[in-house]
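Heads up: the structure comes next, in structure tokens.
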Amino acid sequence: MFGAGAMTNSIPEIRDAELLFVIGSNTTEAHPIIAMEMKRAVRNGAKLIVADPRAIWLTEIADIHMQIKPGTDVWLLNAMAHVIIAEGLQDQAFIDAHTEDFGEVIAAVADYTPEKAEEITGVPAEDIRQSARLYATTKHAGIYYTLGITEHTHGTDNVYCLANLVLMTGHLGRVSSGMNPLRGQNNVQGANDAGASPIFYPSYQRVSDPTAQAKFEAAWGVDLSPNEGQNLNQMMKEMGKSIRGLFVMGEDIVLSEPNTGAIEAGLNGIDFLVMQDIFPNETMRYADVVFPAGCFAEKEGVFTNSDRRVQLVRKAVDPPGQARADWRILCDLARAVGYPMPAYADPSEIYAEMASLSPKFAGISHARIAEEGGLQWPCSHVDHPGTVTLHGDGPIKGKGSFQGVFYRPSAELASPEYPLVLSTGRTLYHYNSATQTRRDGGLDAKQSENFIQMHPQDARRLDVANGERVSVISRRGQIGAVVERTRSVRPGCVWMPFHFSEDMANRLTNDAGDAVTGTGEYKVCAVRVEQFSG
Amino acid sequence: MSDFEIMIDGQTVGASDGETVLTAAIRAGVSIPTLCHDPRLDPAAACRTCLVEVSGSGRLQPACAWKAQADMTVVTENPRIKRHRAVLLSMYLADHALDDEGLPVERPNGNQLREMVIKEGHAFDLVPVAAPRGNREDKNPYVQFNPDACILCARCTRYCDEVEAVSAISLAGRGSATTISTVAERSLLDTSCELCGGCIDVCPTGAMFEGKAPVHAPEAIEKVRSTCNFCGVGCQLDLNVLDGKVIKVTAPPPGTTVNDGNLCVKGRFAYDFVHHDDRLTTPLIRRDDGELHPCSWDEAISAAAAGLLAVKKNHGADALGFISSARCTVEENYLVQKMSRAAFGTNNCHQCAAT
């Protein structure tokens, strides 16, 4: 890999790309405005390669659609690497100057021929060859991916495979040419940057690094734990075991985390739960104390978007009733347990404290953003203009390392009892647990109930009609959904959104996590579909 | 970087190959009136308000579509051009809803035709056009169309084709009865429309408007620039505030922010949640009856502190977990991890989008 987890390019660079390789991202629905930039690039003549199990909107304007079987990404990407190496299309000068361990990849992909990949992935070998050639030989070629890559037990492997393609073709550190994870939520990037992580302080300084620990101990005036914490996936599984008390801000864990039944059992097993949110939600049934918080229109602060752009959130209206901005509540709670949180006058002072401890954001302040507009990190001092394209002078941390990766099947595969493979995701008209979007008449008019996309072949075999309500059952739970017969999914695969609290898709999903990140396998679990039975 | 120079109103201006007279003029700070122009769209030269004199052409030419060429001389303001605009605006007035003063009716998002008539005047009063543009019922609550305010500049249909690329609306009919419509006059809900509302945003005269926003005078609004709270694109948007409520969301001008003037259905229309009756408005505490009851902030904070400290006392700091939120601000995430680490003593802190 090559350093920071963030888009290496910027959103406005997309329009100037000559090739877009979109994998595991239904961009028009999950990131509509980035999709507009992609449409513009294609109008300007860019090639578009889409790898996705579904015929998503972008496939209508794509040059190649590789309709991959869910969970076989490593096969597909290794086969592309195989083609590039076999045909000598790699950028040897870049590899020699900026990378190490290329030999690992050469060895790892040797057996991943396009023909064998076709058997596993369902993608024609010729499409794999064409995609690999186009990607390798186009100068301004960018990769765009999101949770279709990461929400697997082999999510980290998928990312390594993409990084291998980027490094072997030298598609890094140039305009419109890089590796671009599109962040699913408004401030995923910013939450990571701020150190809401079991292993990192703000600005990706490791809690296990004694120097970093000493720095934050001096700044915060207390001794700190040198032990890495549990990640979210571990904490969810440890509820009622090693985790006995929980503070949850701004997430409905019952609706959003995989394997709802296990989450509910865990919440029943803990001693104390504090929840802070703007709406009642499913998790509130387990809360001992609930704090009413302010929404984005009711407070000041910054969000950091997918292209590392730190932008202001401004207060437009007052919170309702006694609700208060989250930052005020957090300060009060910390003080109530005896920790002397400073008397921040407003969030600009909180940001200033963080920036003073964070090399990547040291030059960013509310005042500067108000003056200049959004600033992209790294931004190391007040005169630094921010960074539009990462790695302009080679990978951030010395040389980028290749990682040889080998295919591992998803944790749960189709079986006679559960013959269909379910993937879940977001639609254009709703947002995650949908506490906000389902309270909007037009959005609810467009999509008001849970649905399951199913290929006509499967629907015929199961004897279910378009619009019929069915039961969907996995090893973990059962929910209802209305059938949408469509050829946009592969036979044997079904797809469902996770927005509907009355039919929670995460009752079905598998909480098996990626070994490195703990990210749950939302994209692959085995289900069966039956006539509806309450 | 310019490839050559042209002269606009006596001013030397650099221009590049393929560039139009209008974009060169905008860069030089020369103002040319337009109604159908949008920097995101291919030039249509439909509204004819940007006609200027260019050397080498006897006729006035549309600045928005006419390509700049080396040594070209452009005049944007003289009696001939003013006469052209006044006659043109007279024709627009004959086919537009007018107020008591004979000016194009003001609209909540403004009416650029009204502003132009006030600035440029008009030549004469023509007999009003007697062929009303057709309209259709549309049950969607977001995007509505008022044919009386339409000037057929086709910014909406071109945006729908070229930027959003779903081609849900198009010009329909012939002659002065031409209107904006959908296939078989369907509701937008039953078309390829994705309800992005870009058609509302690009409409210069308020013919495309937001069905659910209250009618108001444009100047009654306070616009607060902020960042969208849905996906990770980070679109900049203006919260339109009236009487302490967000009543509408609009996009900043194209070319000024990361979203280039665009918004999606959620960013533009999904703001009803802000003032929804279901919002949590008071702290709640679970009492001996097993139910959540309203309580004071002091009691809620004390109870939360006591409950979390009791877990720490009985099971150690690492028996606590802190789940932060990718929906909240950077500062709030900073405070959650600082509280987790400094106030409670554990690194069991992770943001919600981690799984």
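The values are calculated or read from the model by the stated rules, or taken from the named source; none is laboratory data. Because the structure is a prediction, the values reported are computed rather than measured. Glycine also receives a Cβ, built like all others from the backbone with ideal geometry; neighbour counts cover every protein chain displayed. Note: accessible area is taken over every heavy atom of the protein model, side chains too, but ligands, DNA and RNA are not part of it. Shrake-Rupley method; radii C 1.70, N 1.55, O 1.52, S 1.80 Å.
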Quiz prompt | Solvent accessible area, Å² - B:Ser55, 1.4 Å probe, full protein context | solution = 60 Å²
Self-check item: Under the Karplus curve 6.51 cos²θ - 1.76 cosθ + 1.60, θ = phi - 60°, whole-Hz ³J(HN,Hα) for the range A:375-380, x wherever Gly or Pro sits
Solution: 10, 9, 7, x, 8, 8
Quiz item: Between A:Glu60 and A:Glu100, what length comes free when the chain is fully extended (0.36 nm per residue of separation minus the Cα-Cα distance, one decimal in nm)?
Solution: 10.5 nm
Practice problem: On the full set of protein chains, 1.4 Å probe, figure out the accessible area of B:Lys119 and give it in Å² to the nearest 10. | Solution: 150 Å²
Self-check item: Which of A:Ser356, A:Ser471 is most accessible, then next, and so on - probe 1.4 Å
Solution: A:Ser356, A:Ser471
Quiz prompt | Heavy-atom accessible area ranking, 1.4 Å probe, most first, across A:Asp91, A:Asp318, A:Asp307 | solution = A:Asp318, A:Asp91, A:Asp307
Self-check item: Reachable lysines from A:Lys116, criterion Cα separation under 25 angstrom, eight or more residues apart if same chain
Solution: A:Lys69, A:Lys523
Quiz item: Can you pull the mean other chain C-beta count within 10 Å for peptide A:133-140?
Solution: 0
Quiz prompt | chain A: C-alpha gyration tensor shape, a/c 1.5 cut-off, then a/b vs b/c | solution = oblate
Quiz prompt | Counting all C-alpha pairs of the range B:143-274, share separated by more than 16 Å (%) | solution = 64 percent
Quiz prompt | With every protein chain in place, the range A:420-531: carbon and sulfur % of accessible area (1.4 Å) | solution = 44 percent
Quiz item: So, with a 1.4 angstrom probe, what is the percent of accessible area on the range A:110-226 that is carbon and sulfur?
Solution: 53 percent
Quiz item: Using a probe radius of 1.4 Å on protein heavy atoms only, what is the accessible area buried between chains B and A, both sides summed, to the nearest 100 Å²?
Solution: 10500 Å²
Self-check item: For residues of A:442-451, the mean tally of beta carbons on other chains within 10 Å
Solution: 4
Quiz item: Applying 1/(1 + (r/R0)^6) with R0 = 56 Å to the Cβ-Cβ distance of A:Ser356 and B:Ala97, what FRET efficiency is obtained, to the nearest 0.05?
Solution: 0.45
Quiz item: Rolling a 1.4 angstrom probe over the protein heavy atoms, how many square angstrom per residue are accessible across the range A:417-534?
Solution: 34 Å²
Quiz item: How crowded by other chains is B:302-314, given as the mean number of beta carbons from other chains within 10 Å of each beta carbon?
Solution: 6
Exercise. Using protein chains only (no ligands, no nucleic acids) and a 1.4 Å probe, work out which residues of the range B:264-290 have their accessible area cut by at least 50 Å² relative to the chain alone.
Key: B:Lys266, B:Phe273, B:Asp278, B:Arg279, B:Leu280, B:Thr281, B:Leu284, B:Arg286
Quiz item: Using 0.36 nm per residue, how much length does the chain from A:Val175 to A:Asp223 gain when fully extended, once their Cα-Cα distance is taken away?
Solution: 12.9 nm
Quiz item: Which three lengths, in whole Å and largest first, does the range B:4-120 cover when its Cα atoms are put on their principal axes?
Solution: 49, 30, 21
Quiz item: If you take the Cα atoms of the range A:308-409, find Rg, then find the Kirkwood Rh from the mean of 1/r over all pairs, what is Rg/Rh?
Solution: 1.13
Exercise. Find how much the distance from A:Val382 to A:Ala86 grows on full extension, using 0.36 nm per residue of separation minus their present alpha carbon separation; answer in nm with one decimal.
Key: 101.8 nm
Quiz prompt | the protein assembly as shown, helix-only ellipticity at 222 nm - DSSP H runs n ≥ 4, -39,500 (n - 2.57), divided by all residues, nearest 500 | solution = -7500 deg cm²/dmol
Quiz item: Based on the alpha-carbon gyration tensor of the range B:284-354 and its eigenvalue square roots a ≥ b ≥ c, which shape applies: rounded if a/c is under 1.5, prolate if not and a/b is larger than b/c, or oblate?
Solution: oblate
Quiz item: Using a probe of 1.4 angstrom, how much of the accessible area of the range B:143-274 is carbon and sulfur, in percent?
Solution: 51 percent
Exercise. Show which lysines lie in cross-link reach of B:Lys119 when reach means a straight Cα distance below 22 angstrom and same-chain residues fewer than eight apart are skipped.
Key: B:Lys82
Quiz prompt | Whole-Å semi-axes of the ellipsoid equivalent to the range A:11-182 (Cα gyration tensor, √5λ, descending) | solution = 23, 19, 14
Exercise. Obtain the nm distance between the two label points defined at B:Asn78 and B:Val183 by a simple spin-label model: each point lies 7 Å from its Cα along the Cα-to-C-beta direction.
Key: 5.0 nm
Quiz item: Given a 1.4 Å probe, how much area per residue of the range B:284-354 is accessible, in Å²?
Solution: 31 Å²
Quiz item: Rounded, prolate or oblate: which fits chain B when a ≥ b ≥ c are the square roots of the eigenvalues of the alpha-carbon gyration tensor, with rounded for a/c under 1.5 and prolate only if a/b beats b/c?
Solution: prolate
Quiz item: Under a straight-distance cross-link criterion of Cα-Cα below 29 Å, which lysines are reachable from A:Lys215, leaving out those fewer than 8 residues away in the same chain?
Solution: A:Lys360, A:Lys397, A:Lys399, B:Lys312, B:Lys313, B:Lys338
Quiz item: Put a dot 7 Å past each Cα toward the Cβ at A:Asp318 and B:Val127; how far apart are the dots in nm?
Solution: 5.9 nm
Quiz prompt | Pairwise FRET efficiency - B:Glu115 versus B:Glu299, Cβ, R0 = 45 Å, nearest 0.05 | solution = 0.20
Quiz item: What FRET efficiency comes out for the pair B:Asp148/A:Ala343, r = Cβ-Cβ distance, R0 = 51 Å, nearest 0.05?
Solution: 0.35
Self-check item: Estimated distance in nm for a label pair at B:Arg59 and A:Ala465, the labels positioned 7 Å out from Cα along Cα-to-Cβ
Solution: 5.9 nm
Exercise. Quote the accessible area belonging to B:Val246 in square angstrom, nearest 10, computed with a 1.4 Å probe and with ligands, DNA and RNA left uncounted.
Key: 10 Å²
Quiz item: Using the C-alpha atoms of the range A:199-327, what convex hull volume per residue, in cubic angstrom, is computed?
Solution: 151 Å³
Quiz item: For chain A, which DSSP H helices look membrane-span-like by this rule: Cα extent along the axis of 20 Å or more and mean Kyte-Doolittle of at least 0.5?
Solution: A:155-169
Quiz item: Against the longest alpha carbon principal axis of chain B, how many degrees, from 0 to 90 and to the nearest 10, is the axis of helix B:79-93 turned?
Solution: 60 degrees
Exercise. Quick one: order A:Asp463, A:Asp503 from most to least accessible surface, probe 1.4 Å.
Key: A:Asp463, A:Asp503
